[in-house]
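Taking it in order: structure first as structure tokens, then the write-up.
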Amino acid sequence: MSLFPLPALPLSDQPLVALPMISEVPTFVDLQATLADVADDGVAAPGQDVVGLEGVVARAGEHGIDLSIVVLDAPAPLDSQLRDLATSVGATDGGTVLVIGPGQVGTFSDSIDRVTLEAGQDQAYTGNAVQSADNFLDVLVEPGPPWTGITLGLVLVVVAVLGGTWWVNERRHRSGDVTDREAVTPDGQ
């Protein structure tokens, strides 16, 4: 018996479906014009930054990264809108997309993990679009920590400690330092 009975909810024949949230591109961005600009040279940015950003896109290509860069003149109301814009460009164009706005950065990639993208984003807050894109790319192309070697080293340390502990216990046991439990009487004599 329950103190607070729950009301019966009507059951539906329809399956419960969770829909993804609709992406929200900043309202001042013309998505079709941005996509056309990115398709042309991999860059959608104000004129003064285009040449420098094309160099970053070319350098990314040398490392096997299909990079597109979008630079906004105005800040988006929400930081997440830059990521939504990057996702929209990536859904059309593919590859890796970096969106830079005043004090904001958003990314998308179909080949680079989110942790690496966010590490690159952290280096892209410079106030200069070309420098930000260069810093972002530097993080993507630098070799990561040698996780295989680190893991192997840790496993070897654990095996050595366990082996050493076993060896010390065996020596103590054989030398008679360990008292046999049956030899001890209940009164401790």
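Worth pointing out:
- Residue list for segment 120-166, restricted to those being assigned to a loop (DSSP other than H, G, I, E, B) and over 23 Å from residue 91 (Cβ atoms): 123, 125, 126, 127, 128, 142, 143, 144, 145, 146
- Any hit, segment 66-83, residues being open to solvent by less than 10 Å² (accessible area, probe 1.4 Å), β-branched (Val, Ile, Thr) and in contact with a strand residue (DSSP E or B) (Cβ under 7 Å, 6 or more places away or on another chain): yes
- Contact map, segment 125-145: residues that are more than 18 Å from residue 82 (Cβ to Cβ) paired with residues that are open to solvent by less than 70 Å² (accessible area, probe 1.4 Å) and part of a helix (DSSP H, G or I), Cβ distance under 9 Å, separation 6+ or inter-chain. Pairs shown: 134/52; 134/55; 134/56; 134/59; 138/120; 141/59; 141/60; 144/116.
- Check on residue 70, more than 18 Å from the chain's Cα centre (by Cα), in contact (Cβ under 8 Å) with a residue 40 or more places away in the chain and under 16 Å from residue 34 (Cβ atoms): no
- If the condition is being charged (D, E, K, R) and over 17 Å from residue 123 (Cα atoms), then segment 82-109 contributes 84, 93.
- Residue list for segment 35-67, filter: among the charged types (D, E, K, R) and either at pLDDT below 95 or under 24 Å from the mean Cα position of the chain (by Cα) (or both): 37, 40, 41, 49, 59, 62, 66
- Subset of segment 123-158 (residues that are open to solvent by less than 40 Å² (accessible area, probe 1.4 Å) and polar (S, T, N, Q)): 132, 135
- Of the residues examined, residue 38 is not one that is open to solvent by 80 Å² or more (accessible area, probe 1.4 Å) and not acidic (Asp, Glu).
- Set side by side, the residues 103, 94, 120 differ, and just one is open to solvent by 40 Å² or more (accessible area, probe 1.4 Å) and either touching a helix residue (DSSP H, G or I) at 6+ places or on another chain (Cβ under 9 Å) or free of Cβ contacts under 8 Å to residues at least 40 places away in the same chain (or both), which is 103.
The values are calculated or read from the model by the stated rules, or taken from the named source; none is laboratory data. Quick caveat: nothing in here was measured; it's all calculated off a predicted structure. Because the Cβ atoms are built from the backbone with ideal geometry, glycine has one as well, and the counts that use them run over all protein chains shown. Quick note on the areas: whole protein, heavy atoms, side chains included, nothing else; ligands and nucleic acids left out. Shrake-Rupley method; radii C 1.70, N 1.55, O 1.52, S 1.80 Å.
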